[in-house]
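Chemist: Got a structure for you, questions after.
The values are calculated or read from the model by the stated rules, or taken from the named source; none is laboratory data. Values in this document were obtained by computation on a predicted structure and should not be read as measured data. Here Cβ is always computed from backbone atoms with ideal geometry, including for glycine, and neighbour counts include all displayed protein chains. When the accessible area is computed, the model is the full protein with side chains, heavy atoms only, and any ligands, DNA or RNA have been set aside. Shrake-Rupley method; radii C 1.70, N 1.55, O 1.52, S 1.80 Å.
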Amino acid sequence: MDDASSFLRAAMPPASGPSTLMRRSARRLVPVIYAATALVFVVDLLRANLLAFGFFYTPMVATAVFYKSRSSVWTLAAIAIAMVLVGTFIPPISSNVPDLIGNRILSVIAIIATAVFIQYARDTQDRLAEQARRLEAAERAKSDVLTTLSHEMRTPLYKLLSILSLMAATCRPDQRDSLGQVRNGAQHLLDSINNIIDLSELDERRFHAEPVDLRSIGQEAADQAQIAARERQITIVPPDHGEPMLAQADGWATRRIIDNLLTHAILATPAGGQVSIVLGRKPGLVTAAVNDVGPALRLALAPDLAQDLAAEADGLASGMIGTGLILGRRLALAMGGQIAALESATAGTMLLLSLPAAC
């Protein structure tokens, strides 16, 4: 029995994928199926009846799906057909020969049909697996090209921004607006590139859940965004001072989300407008809402961005949503939170970040 079990483990491929548990459970039935098939064969040899015993042998043929060898299905089919033929003559043929022959022919047909079906299923599975491997390879290649291109574009953009800052400090007053617009465009492009790089590396990043203070992160993010906001003549209202608002989250990811929410709000708000950060609490959650007075985000029709992948894709294609919001959404999901897009009281958009509260 131990030798048979060792043979089965060596002959069968290792279980993998999301159905691992199901496959392991099914593989445990293989010895039971073989034992039942042997019992049926013994009954066939001992009883002079006219049953189509081959139908009871088809489960044995179906076990070929668990073997590595592609020829195993026909090997098992040949064994089953041999068992049907042996059962035809032992015990001696009964007087009802036509029924006996008809039942045995049906048995052989059932065995062959099962083998053909199993072979077709394996061929289909192999084709789908090969297509999946090709798609994964193409996706990896595309991601590698995009990441490499992003890294190569980021270095000259840093240099360009430095030159533009120097030029803005020494140019004539009537040139500052034009240089400011160029600098804002370059900065926006650099932010998008950084978001793309972070998105491409998201699967490899490890997040550390620890108590982080949303209030201090929001204030630091607001201070850093002041430069871009002043250039667009926008006022940023940081979160009010008060007790810490502790979330159980990753500090880097939380800051990255709020930075991107502020960037989106600044870009959406017209000159002379206002962007504010408002903190709050919900049962088991702490929230940070970034409000703007720009045009309402179309994703307000689907408040929970975590549940609307189609809206994310449509929003990116139409320019209603940028890479920053996509990155923020995925970072929030990775930390057990979410981002919601709602209409704010200022007739603009409220982007609401919700994270688990620290105990």
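Chemist: Kindly indicate whether any position in the range 346-353 is at pLDDT 70 or above, crowded, with 18+ Cβ neighbours inside 10 Å, under 26 Å from GLN219 (Cβ atoms) and within 22 Å of the chain's Cα centre (by Cα).
Modeler: Yes - at least one qualifying residue is present in the range 346-353.
Chemist: The conditions are (1) at pLDDT 80 or above; (2) open to solvent by 60 Å² or more (accessible area, probe 1.4 Å); (3) closer than 19 Å to GLN125 by Cβ; (4) not acidic (Asp, Glu), and ILE79 fails exactly one of them. Which is it?
Modeler: Checking ILE79 against (1) at pLDDT 80 or above; (2) open to solvent by 60 Å² or more (accessible area, probe 1.4 Å); (3) closer than 19 Å to GLN125 by Cβ; (4) not acidic (Asp, Glu), the one that fails is (3).
Chemist: While we're on this one: Answer yes or no as to whether ALA340 is open to solvent by 60 Å² or more (accessible area, probe 1.4 Å), at pLDDT below 90 and among the hydrophobic types (A, V, I, L, M, F, W, C).
Modeler: No, not satisfied.
Chemist: Of all the residues that make up the range 181-206, how many are surrounded by fewer than 16 Cβ atoms within 10 Å (Cβ to Cβ) and in contact with an Asp or Glu (Cβ under 7 Å, 6 or more places away or on another chain)?
Modeler: Selection size over the range 181-206: 0.
Chemist: Of all the residues that make up the range 109-125, how many are open to solvent by less than 70 Å² (accessible area, probe 1.4 Å), free of Cβ contacts under 8 Å to residues at least 40 places away in the same chain and more than 13 Å from TRP74 (Cα to Cα)?
Modeler: Selection size over the range 109-125: 2.
Chemist: Next question. I need every pair where a residue in the range 259-281 that is part of a loop (DSSP other than H, G, I, E, B) has its Cβ under 9 Å from the Cβ of a residue that is of a type in the set (D, E, K, R), sequence separation at least 6 or different chains.
Modeler: Hits for this filter: THR269/ARG232; THR269/ASP292; PRO270/ARG232; ALA271/ARG232; GLY273/ARG232; GLY273/ASP292.
Chemist: Select from the range 252-280 the residues that are out of contact with any helix residue (DSSP H, G or I) (no Cβ under 6 Å at 6 or more places or on another chain) and among the small types (Gly, Ala, Ser) and write down the one among them that is surrounded by the fewest Cβ atoms within 10 Å (Cβ to Cβ).
Modeler: Among those that are out of contact with any helix residue (DSSP H, G or I) (no Cβ under 6 Å at 6 or more places or on another chain) and among the small types (Gly, Ala, Ser), it is ALA271.
Chemist: Also: Please pick out the residue among ALA62, ALA26, ALA10 that is at pLDDT 85 or above and either farther than 21 Å from THR124 by Cα or not charged (D, E, K, R) (or both).
Modeler: Sole residue among the options that is at pLDDT 85 or above and either farther than 21 Å from THR124 by Cα or not charged (D, E, K, R) (or both): ALA62.
Chemist: Could you check the range 216-234 and list, in sequence order, the residues that are of a type in the set (Val, Ile, Thr), in contact with a helix residue (DSSP H, G or I) (Cβ under 7 Å, 6 or more places away or on another chain) and under 20 Å from ASP177 (Cβ atoms)?
Modeler: ILE234
Chemist: Checking the condition over 12 Å from ALA288 (Cα atoms), open to solvent by less than 40 Å² (accessible area, probe 1.4 Å) and either in a strand (DSSP E or B) or not polar (S, T, N, Q) (or both), which residue from ALA225, ALA247 passes?
Modeler: Selected residue: ALA225, the only one of ALA225, ALA247 that is over 12 Å from ALA288 (Cα atoms), open to solvent by less than 40 Å² (accessible area, probe 1.4 Å) and either in a strand (DSSP E or B) or not polar (S, T, N, Q) (or both).
Chemist: Which residues, taken from the range 93-108, are open to solvent by 80 Å² or more (accessible area, probe 1.4 Å) and touching a residue at least 40 places away in the same chain (Cβ under 8 Å)?
Modeler: If the condition is that a residue be open to solvent by 80 Å² or more (accessible area, probe 1.4 Å) and touching a residue at least 40 places away in the same chain (Cβ under 8 Å), then LEU106 is the only one that fits.
Chemist: For CYS171, only one of the following conditions fails: (1) open to solvent by less than 50 Å² (accessible area, probe 1.4 Å); (2) farther than 23 Å from LEU267 by Cβ; (3) within 36 Å of the chain's Cα centre (by Cα). What is its number?
Modeler: All conditions pass for CYS171, except number (3).
Chemist: So, in the range 203-229, of the ones that are under 30 Å from SER165 (Cα atoms) and at pLDDT below 85, which residue ends up farthest from the chain's Cα centre (by Cα)?
Modeler: ILE227
Chemist: Can you find even one residue in the range 38-48 that is at pLDDT below 80, loosely packed, with under 15 Cβ neighbours inside 10 Å and either touching a helix residue (DSSP H, G or I) at 6+ places or on another chain (Cβ under 6 Å) or not polar (S, T, N, Q) (or both)?
Modeler: yes
Chemist: Here's another thing I want to ask about it. Which condition number does LEU164 fail, the rest of (1) open to solvent by less than 40 Å² (accessible area, probe 1.4 Å); (2) more than 43 Å from the chain's Cα centre (by Cα) being met?
Modeler: (2)
Chemist: Does ALA357 satisfy the condition of being under 17 Å from LEU262 (Cβ atoms), at pLDDT 80 or above and either open to solvent by 30 Å² or more (accessible area, probe 1.4 Å) or not hydroxyl-bearing (Ser, Thr, Tyr) (or both)?
Modeler: Judged against the criteria, ALA357 is not a match.
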